[in-house]
Every structure is written in C-alpha cells, then in structure tokens.
Amino acid sequence: MDNAINSLVPVEEREVFFYDDTLIAVLVELPGTDKQQIYVPVKPLSDALGLAWSGQYERLQRDEVLAEVSQLIRVTRINSQRGNPDSICLPLEFIPGWLFGITAARVKEELRDKIMRYRRECYVVLADAFVEGRLTAEPAFTEVLATDTPAVQTYKMLQAMTQLARNQMLLEARLTTRLDDYEQRLESIESQLGDPGRSITPDQAMQISQAVKAVAFEIEKRTKKNEYPAIYGQMYREFGITSYKLLPANKFERAMNWLTEWYRRITGATGDELPF
C-alpha cells in the first residue's frame, strides 16, 4: 500500500443512500496533477455487508493491484468520532474488483443476496452521485448546451418533441377529461427522452431533505441510532426512485404529505407545529 503513505484531503464528500445503507464517496485532487479522482472508503462497504474488516483489510493488502491503488484519505463524515482521521479508500472504478473478490458462498446465507445486489448496482449508484458536474471537473450542463455539436442539436430536437407531445397530450386530456391517464403517458415519454424538467426543483429537494431529517430526528430520540438511511430507503421504495432528487415533480406534494403524516404519527404535532 505504498500509495497510501500520505493521506489526502477531499475536495468534497458525498453521502449516497443505497437501499438501507449509507455509503460515502469523496472527490480528491491527485497530487502533482490537475486531475481529480473519485474514491470510496472500503470499511463502510465492508461493515454494510456484515464482513469482518480485519479479514478484508488483509485481503486488500494481499491483492497487488488493490494495494497499489489504495489511498489513505481524511473522510470527516465517517471519522469525526474516531481518533484516526484517515480511511483506506479505493478509486471508484476498482470497487467492483474488491466486491467480486468476496466469495458469496463463504459468507452467512442471509448476506448472500445483499452481496449480489451490491455487485450488480453499487457502482452505478456511487457513480451517479458525481454526474452532471456536481463533484466532477466536467463542464456544467448549461455550458455544454451552449455549444453547437450534433449531439447538442439532437438533444434540443428531442426536447422540442417532448414539449410538443406535452402540449398535445394536455389538450387531448382537456377534451376527454382523462387527465390522469395522459399524465402517466407524459411521464413515461419524458423519462425516455431525458427531460430534466420532470424531476423536482432544488428548492423542493431541500424541502424533502428537511422533512426526512425532522422525521429521522424524532425516531432517533427513541432508537438512539442513525435513522436517515432507513427513512430514505422506505421513501425510495414508496415512490420507485433511487434518489430523492429524482422524484417526479408531479409526486412532490404526495411525498411531502407522506412525510408529514409520518411526522404527525410520531409526534402528534398539528399543522402549525411542523418544522418543515
């Protein structure tokens, strides 16, 4: 683990909710270069899968490739309560290599399905936390749209088609009074064409986040443990999404009502007493 002698400080850290687990991904600047790299702390993954960290640490050291690319990084989100501020991390693209090195047949039977799910989906979920210029050095999406490449022209044409389809379907809905059916068809078309307007706004996403935090805070008073992942996980299953920021705009009010009722059941609060 020669590359891990000196620890790095992240440019930014991000929590990613994966089913009922909270994973961490960080962005660091590579020393001596102008490049940035996404790293993932390995121990939280090991803990989430119910694996003994001592064994996984030894496996990391035995693997020549993983030992070479591993890096010590100061990850405050998982080390604020520990004396040692550094975590062993792997570059995001090497996480599948570590996951597929786990022999599912040798772990507890109740953990095998979870390990297989991590192998299939974990990389995509972690990578999605860094797209659209949120933590990467890639150009902002609005800047890309300002160019005149064939891909941008195709994208704009698809957006125009989406808008035409929206107007036509709403007109038909008014004439036939079947608005609900047409809204479902509209959501499907926008999903296929990648319409960015179909998801909630940043302000609405903040409201969702504040409501989740309020519910989690009240539950944590009773359970004395971190309830954020469980609440997000239940919301994702309820609304069929992988991130609260991907909640369709037309489901925002229903999601807020769902969280409000949950908060009221826990606290007995009235509408005037809600903290969000």
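The values are calculated or read from the model by the stated rules, or taken from the named source; none is laboratory data. Because the structure is a prediction, the values reported are computed rather than measured. Using ideal geometry, Cβ is built from the backbone for each residue, glycine included, and neighbour counts are taken over all protein chains shown. Note: accessible area is taken over every heavy atom of the protein model, side chains too, but ligands, DNA and RNA are not part of it. Shrake-Rupley method; radii C 1.70, N 1.55, O 1.52, S 1.80 Å.
Close contacts from the stretch 248-272, counting a first residue that is under 16 Å from Lys213 (Cβ atoms) and a second that is among the acidic types (Asp, Glu), with Cβ to Cβ under 7 Å and a gap of 6+ residues or different chains, come to Trp258/Glu238; Tyr263/Glu218; Ile266/Glu218; Thr267/Glu218. Of all the residues in the stretch 225-244, those that are open to solvent by 80 Å² or more (accessible area, probe 1.4 Å) and either under 15 Å from Ile200 (Cα atoms) or in a helix (DSSP H, G or I) (or both) number 4. The residue list Leu111, Leu175, Leu145 contains one member that is modelled with pLDDT under 75, farther than 25 Å from Lys35 by Cα and either within 23 Å of the chain's Cα centre (by Cα) or not polar (S, T, N, Q) (or both), which is Leu175.
Can you work out which of the residues in the stretch 114-142 that are among the small types (Gly, Ala, Ser) and within 13 Å of the chain's Cα centre (by Cα) is modelled with the lowest pLDDT? Step by step, filter the stretch 114-142, then rank; the result is Ala129. Considering the stretch 10-28, the residues that are of a type in the set (Asp, Glu) and over 20 Å from Val107 (Cβ atoms) include one that is surrounded by the fewest Cβ atoms within 10 Å (Cβ to Cβ), namely Glu12.
Could you tell me whether Lys251 is at pLDDT 90 or above, out of contact with any His (no Cβ under 6 Å at 6 or more places or on another chain) and open to solvent by 30 Å² or more (accessible area, probe 1.4 Å)? Yes. The residue that is farthest from Asp21 (Cα to Cα), among those in the stretch 254-276 that are small (Gly, Ala, Ser) and modelled with pLDDT under 90, is Gly271.
Residues in the stretch 208-226 that are free of Cβ contacts under 8 Å to residues at least 40 places away in the same chain and either farther than 17 Å from Glu261 by Cα or among the aromatic types (Phe, Trp, Tyr) (or both): Phe217, Glu220, Lys221, Arg222, Thr223, Lys224, Lys225.
Considering the stretch 66-86, the residues that are touching a helix residue (DSSP H, G or I) at 6+ places or on another chain (Cβ under 7 Å) and at pLDDT 90 or above include one that is most open to solvent (accessible area, probe 1.4 Å), namely Glu68. Here Ala105 meets each of (1) at pLDDT below 80; (2) among the hydrophobic types (A, V, I, L, M, F, W, C); (3) surrounded by 11 or more Cβ atoms within 10 Å (Cβ to Cβ) with one exception, condition (3).
Can you pull out the residues in the stretch 29-49 that are buried (at least 18 other Cβ atoms within 10 Å of the Cβ), over 13 Å from Val9 (Cα atoms) and among the hydroxyl-bearing types (Ser, Thr, Tyr)? The answer is Ser46, and nothing else. Is at least one residue of the stretch 201-212 on the phi < 0 side of the Ramachandran plot, in a loop (DSSP other than H, G, I, E, B), at pLDDT below 90 and open to solvent by less than 50 Å² (accessible area, probe 1.4 Å)? No, there is no match, as no residue in the stretch 201-212 is on the phi < 0 side of the Ramachandran plot, in a loop (DSSP other than H, G, I, E, B), at pLDDT below 90 and open to solvent by less than 50 Å² (accessible area, probe 1.4 Å).
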